Amino acid sequence: MAAVGRRQRAFIGSYTAAGGPGLVTAEVHPGTGALTLTGRLGTVPDPAYLALSLAGDMLYAVSETAEGAVAAYRVGGDKPEPAGPPVPVGGGPTHLALHAGHVLTADYGSGGVTAVPVRPDGTLAAAPSGRLRHTGSGPHDRRQRGPHPHQVGPDPSGRWIVSVDLGTDSVRVCTLDEGVPALHREIALRPGSGPRHLAFHPDGEHAYVVNELTPTVTVCLWDADGGSLKPLAEVPVLPGAPAGDAYPSGVVVSPDGRFVWTATRGEDVLSVLAVQGDGLRLTGTVPCGGHWPRALAEHDGFLYSANERSGDVTWFDVRERPGLPRYDGSVEVTAAACVVFG
């Protein structure tokens with residue numbers, strides 16, 4: 001838990017194409033988790049996903065446009081300041097992460113992963129150092145005609161890059177040698193499941209993949225020594241069959257490793273799944289407090305949902321009742337896409 005009185009910050013990404021303000025800053029109340037908006041910065045279009053440096057002095061944002069770019073900001077002062085021009089990456093980047101002195105982007109539109117070197121001062125190199133093109137497809141006519149990586153990031157050991165591809169129903173484990181992503185192993189998930197995001201358990205031995213095309217989570221074993229993911233089972237995130245497409249989105253593991261939380265946009269709910277050894281059990285759902293929860297984040301005992309279509313970020317206390325989120329408040333951010341803390 002953060003010390004009471006210590007200044008905490010949140011950064012919210014939003015879709016400018018849908019009327020959003022771009023990058024939004026907020027202060028976090030250390031006792032209640034409440035967000036108070038403090039400013040906005042609209043220097044790049046559609047900053048839909050954000051990542052902070054380990055030191056918390058730099059913020060990186062994808063620009064989820066057809067062309068695709070990543071931008072860097074200094075956040076040491078009261079307001080983020082652009083730190084150099086945006087760097088072109090692949091088309092339609094939906095996610096980014098920091099690893100081994102690089103920013104990695106998942107380029108959903110163009111179907112690959114891009115690495116951009118980070119200079120010692122935190123700014124970005126003028127061009128990527130390497131790209132990995134994904135190949136393949138899936139059985140869904142509209143959504144899986146080609147590869148669509150939706151998330152990329154390091155594994156807990158820091159030895160591997162893991163990319164989750166909705167279009168090919170697979171997770172790729174990669175290396176990053178001299179700034180060039182290279183495929184180590186591709187793990188197939190159930191055809192048509194549409195894997196979207198992955199979250200690791202604190203034990204470093206389990207991973208949970210939320211699937212967008214079916215309302216399920218795939219439970220996996222993770223072998224950091226071999227860089228291998230082993231799917232064990234699929235667990236539903238809804239108590240019954242949805243009326244239409246459900247579109248699950250975010251997945252978060254509680255810091256104590258007892259629960260997995262997911263968001264489902266088509267149902268506007270957050271789901272609670274209890275961790276039971278190598279399995280999961282759905283224990284309940286709660287309304288997300290808005291419409292179309294695109295991303296989830298946990299911070300200091302609170303769970304935050306970025307609700308894209310209702311234009312708000314809601315927060316839930318998850319400290320008291322075991323795993324079950326209790327709605328506590330919201331703040332308006334048009335076309336909210338994600339929230340990160342630092």
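Scan region 157-178 for residues that are closer than 15 Å to VAL209 by Cβ and either open to solvent by less than 10 Å² (accessible area, probe 1.4 Å) or not hydroxyl-bearing (Ser, Thr, Tyr) (or both) and jot them down. VAL162, SER163, VAL164, ASP165, LEU166, GLY167, ASP169, SER170, VAL171, ARG172, VAL173, listed by residue number. Among the residues of region 311-336, those that are touching a Pro at 6+ places or on another chain (Cβ under 9 Å) and either open to solvent by 20 Å² or more (accessible area, probe 1.4 Å) or not in a strand (DSSP E or B) (or both) comprise VAL318, TYR327, VAL333, THR334, ALA335. Scan region 121-136 for residues that are open to solvent by less than 80 Å² (accessible area, probe 1.4 Å), among the hydrophobic types (A, V, I, L, M, F, W, C) and in a loop (DSSP other than H, G, I, E, B) and the total you get is 2. Selection over region 55-83 of residues that are part of a loop (DSSP other than H, G, I, E, B) and within 24 Å of LEU132 (Cβ to Cβ) gives a count of 5. Only residues that are in a loop (DSSP other than H, G, I, E, B) and open to solvent by 20 Å² or more (accessible area, probe 1.4 Å) were counted in region 215-231, giving 4.
Of the residues SER193, SER249, the single one that is among the hydroxyl-bearing types (Ser, Thr, Tyr), under 24 Å from PRO322 (Cβ atoms) and either in a strand (DSSP E or B) or more than 15 Å from the chain's Cα centre (by Cα) (or both) is SER249.
Number of residues in region 137-149 that are surrounded by fewer than 23 Cβ atoms within 10 Å (Cβ to Cβ) and in contact (Cβ under 8 Å) with a residue 40 or more places away in the chain: the value is 4.
For region 232-244, taking the residues that are farther than 17 Å from GLN276 by Cβ and touching a residue at least 24 places away in the same chain (Cβ under 8 Å), the one that is surrounded by the fewest Cβ atoms within 10 Å (Cβ to Cβ) is identified as PRO239.
If the condition is being in a strand (DSSP E or B), in contact (Cβ under 8 Å) with a residue 24 or more places away in the chain and not aliphatic (A, V, I, L, M), then region 4-43 contributes GLN8, ARG9, PHE11, GLY13, SER14, THR25, THR36, THR38, GLY39.
Within region 179-196, being surrounded by 16 or more Cβ atoms within 10 Å (Cβ to Cβ) and touching a His at 6+ places or on another chain (Cβ under 7 Å) holds for GLY194, ARG196. May I ask you to verify whether PRO287 is touching a residue at least 12 places away in the same chain (Cβ under 8 Å), within 15 Å of PHE316 (Cβ to Cβ) and open to solvent by 20 Å² or more (accessible area, probe 1.4 Å)? For PRO287, the condition - touching a residue at least 12 places away in the same chain (Cβ under 8 Å), within 15 Å of PHE316 (Cβ to Cβ) and open to solvent by 20 Å² or more (accessible area, probe 1.4 Å) - is met.
What number of residues in region 297-310 are open to solvent by less than 40 Å² (accessible area, probe 1.4 Å) and touching a His at 6+ places or on another chain (Cβ under 9 Å)? Of the residues in that region, 1 qualify.
The values are calculated or read from the model by the stated rules, or taken from the named source; none is laboratory data. Bear in mind that the values here come from a model prediction, so they are computed numbers and not experimental data. Neighbour counts are summed over all protein chains in view; Cβ atoms, including those assigned to glycine, are modelled from backbone coordinates with ideal geometry. Please note that ligands, DNA and RNA were not included when accessible areas were found on the heavy atoms of the full protein model with its side chains. Shrake-Rupley method; radii C 1.70, N 1.55, O 1.52, S 1.80 Å.
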